[in-house]
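See structure below.
The values are calculated or read from the model by the stated rules, or taken from the named source; none is laboratory data. Small disclaimer: the values here were computed from a predicted structure and weren't measured. No Cβ is skipped: glycine too gets one built from the backbone with ideal geometry, and neighbour counts run over all protein chains shown. Accessible surface areas use protein heavy atoms only, side chains included; no ligands, DNA or RNA. Shrake-Rupley method; radii C 1.70, N 1.55, O 1.52, S 1.80 Å.
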Amino acid sequence: MADSPNCDLKSLSPLQLFEKVTEQGEKVRALKAGKAPKDEIDAAVRMLLSLKLSYKTTTGQDYQAGLPPKDHTLINNGTANEEDEDLVDPWNVQTSNAKGVDYDKLIVRFGSSKIDTDLINRIERATGQKPHRFLRRGIFFSHRDMDQILHAYENKKPFYLYTGRGPSSQAMHVGHLIPFLFTKWLQEAFDVPLVIQLTDDEKYLWKDMTTEKAYEYAKENARDIIACGFDVNKTFIFSDLDYLGSSTGFYKNILKVQKHVTFNQVKGIFGFTDSDCIGKISFPAIQAAPSFSSSFPQIFNGKENIQCLIPCAIDQDPYFRMTRDVAPRIGYPKPALLHSVFFPALQGAQTKMSASDVNSSVFLTDTPKQIKTKINKHAFSGGRDTIEEHRKYGGNCDVDVSFMYLTFFLEDDDKLEQLKQAYTSGELLTGELKKVLIETLQPLIAAHQERRKQVTDEVVKQFMTPRKLAFEF
């Protein structure tokens, strides 16, 4: 008997319908591969055809494996005007709303799942640790298959972590720390291996720089990542320019992904055009390959079935939607994901920080004086025009960048709530709120700079040498 849809198909977004068709297609393939009874296969096929018809009715286009509906990058932010829509892709984040991107609508459009209280409580029970502030405050807000990771962990089955960095500049800014701070907490809480990809090849393809400069930036960024406190016995950091030429497992997986994704599909997912170089078109397979444990035979002893968990900003999700579509077709488990919100620029939450604009960012190389000047001069305020109005009406924490930054970096929940109440009531002025942020960031960045000084060339080499880690597989 065919499965019936577990919700009204008419209420689903195009991307949610797309994922239902994909899942049903995988089910049909599994039934056929397992030589299931003919009536069971026929019922599953009928359900697949029904879902494909619903998809075509909703989108006006035929379902194509690996090619999600093209409108996934535009998220309407509560108005009818196209000019007011959010733009989110791996290279651009823009919104007209001072509060930033509407993440609830982004979840619906991308077809991911909200990280709710039940999931956070389950993580706490599994690890025995208080959830990280990024979970408590909704900074990591969305997921794909985190429940599967927890089920595996609860049943003593292994998984590993994978995250990365595109080294576009020598100096990283505080926004770049977010995935690494959270990944470090995950690694320590679950005690699992971690691989960190430095996509210096991507930056060479997209930016005006030489391969030598891209690799130099990768090594410098590795120092900042190591300074976050990762354990060299449990962490492998690799440059694509280095590792691709030395690992047949990595290259084989890149080829497998490339064979199962068409040019038409990557154009639909990433917006590539006929004038883009072929390096860009093939690059998504390189970012996909670390999702598979066989890309790291030295770590996983050649095992191909270790599931991967990827903490990343949600603008990277298109890469991994493609990866999740390909994974079962090449015999690998789908990677799970945890998505973070974007770290806003000092000028406001309409865009994320940029490493190329020194005044949009607080850099990890900034002096205490530079930090103070940047925040006082450039941090967008949610305060009123005059002190009298601010005292009377209060400030707006939803748009105030100093308060937003404190939600990322101030550990004390009670103090953060006190600041919110005081600023909203008008008791706390904008200058006073900025002072709290300055006093929070200055010691944090100074401590990071001290740790970075201890990261020698030899330490970087240790982290970036392919080797067995402190785990048995």
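The table that follows gives values for the structure above.
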read-out	value
Most to least accessible of LYS156, LYS374 (protein chains only, probe 1.4 Å)	LYS156, LYS374
Exceeding the 30 Å Cα-Cα cut-off - candidates LYS184/LYS435; LYS114/LYS157; LYS267/LYS377; LYS369/LYS415; LYS27/LYS267; LYS114/LYS392	LYS267/LYS377; LYS114/LYS392
Solvent accessible area, Å² - LYS256, 1.4 Å probe, full protein context	70
Amide H contacts under 5 Å for LEU161, placed H, 5+ residues apart	LEU194, VAL195, LEU309
Heavy-atom accessible area ranking, 1.4 Å probe, most first, across ASP325, ASP39	ASP39, ASP325
Nearest-10 value in Å² for the accessible area of TYR204, using the 1.4 Å probe	100
Per residue accessible area in Å² of the chain, where ligands, DNA and RNA are left out and the probe is 1.4 Å	45
Net dipole in debye of the chain [+1 Lys, Arg Cβ; -1 Asp, Glu Cβ; about Cα centre; nearest 20]	1060
Rounded if a/c under 1.5, otherwise prolate or oblate - segment 287-433, Cα gyration tensor axes	prolate
Dipole of the chain, positive end: most advanced residue of VAL28, LEU444, LEU51 [Cβ charges, Cα centre]	VAL28
For the chain: relative contact order, % (alpha-carbon pairs under 8 angstrom, 6 or more apart)	16
Gained length - GLU389 relative to GLU154, 0.36 nm times residue gap less alpha-carbon distance	79.2 nm
Calculated [θ] (222 nm, deg cm²/dmol) that DSSP helices of n ≥ 4 give over the chain, each run adding -39,500 (n - 2.57)	-15000 deg cm²/dmol
On Cα atoms only, tilt of 177-190 relative to the major axis of the chain in degrees	60
CYS308, CYS277, ranked by accessible area, largest first (probe 1.4 Å)	CYS277, CYS308
Semi-axes of the equivalent ellipsoid for the chain, Cα gyration tensor, largest first, Å	37, 29, 22
Listed residues ALA336, PRO311, GLN370: farthest to the positive end of the dipole of segment 284-395 (Cβ charges)	GLN370
Rounded percent of accessible protein surface that carbon and sulfur make up, segment 271-362, 1.4 Å probe	52
Rounded to the nearest 10 Å², the accessible area of LYS56 at probe 1.4 Å	100
Carbon plus sulfur fraction of accessible area for segment 110-212, probe 1.4 Å, in percent	44
